[in-house]
Amino acid sequence: MSGQSMLSDQQASTEGYSLDAAFDSGNPEKIKRILEAALLTTQEPLPVTELRKLFDNTVSVKNLSRLLEDLQAHWTNRGVELVQVASGWRFQARTEMQVFLNRLDPPKVPRYSRAVLETLAIIVYHQPVTRGDIEEIRGISVSSSILKTLTARGWIDQVGHRNVAGKPALFATTQHFLNDLGLRSLDELPPLEELGSLIEVDEHSLAIEDDESETKSTASDTEPDA
């Protein structure tokens, strides 16, 4: 077969899946197959706005969202599930499958320091907060290494500065944090007492190790607080 013929065949095949009226033509199954392929082969969650690019933005957000929900139902009672998290849609192994998957790739035993969990919890439920806010709530100085560790994990980030003397940095959780917990928004956060167990159960690979003992801030560890 000539290169030109192969190209023609590829174009014909592509055109069959690029119908901007695929939904209206009575064959939404084509769209669902494309969505399925995209979501199964990507590493990160994909929002609807990004998924629309698969169809040159010709499929409406409403219709695409409905098809995603149909696809989600289609994968019910299987080993993997289609879920919506903060950053978009993704396929993931069901929680009950994790015990078997761990036999192939045993997770490292997570080690959480009380300081890290307390700091994270304060940020989660009081955000946005400054380092000074955290220290006031905990009643003890907070090592900058804890904030750096949480930032490096992608769970918190600076979101601005408080408009007071010294303009201390404000910290809040990220979409990445919600994604790791399988949540769509902060409204789905569990009660405070359940946060630690949720992270331990669902995020073995993201366990934060912090072997530093809590110490008072040194001169090099000091920043403006409010």
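Neighbour counts of other Cβ atoms within 10 Å put Lys32, Lys148 in the fewest-to-most order Lys148, Lys32. Model label points for Gln127 and Leu104, set 7 angstrom from Cα along the Cα-to-Cβ axis, are 3.2 nm apart.
In whole Å, how far is the Cα centre of the stretch 115-182 from that of the stretch 70-87? Cα centroid to Cα centroid, the span is 32 Å. Residues of the stretch 26-41 falling in the label zone of Asp70, defined by backbone nitrogen less than 11 Å from a point 7 Å along Cα to beta-carbon, are 26-33. Gain on full extension, evaluated as 0.36 nm per residue between Arg184 and Glu81 minus their Cα-Cα distance, stands at 35.6 nm.
Coordinate-derived values only; no laboratory data. What you see is a predicted model, and the numbers here were worked out from it, not measured in a lab. Positions of Cβ are backbone-derived with ideal geometry, glycine not excepted, and every protein chain shown enters the neighbour counts.
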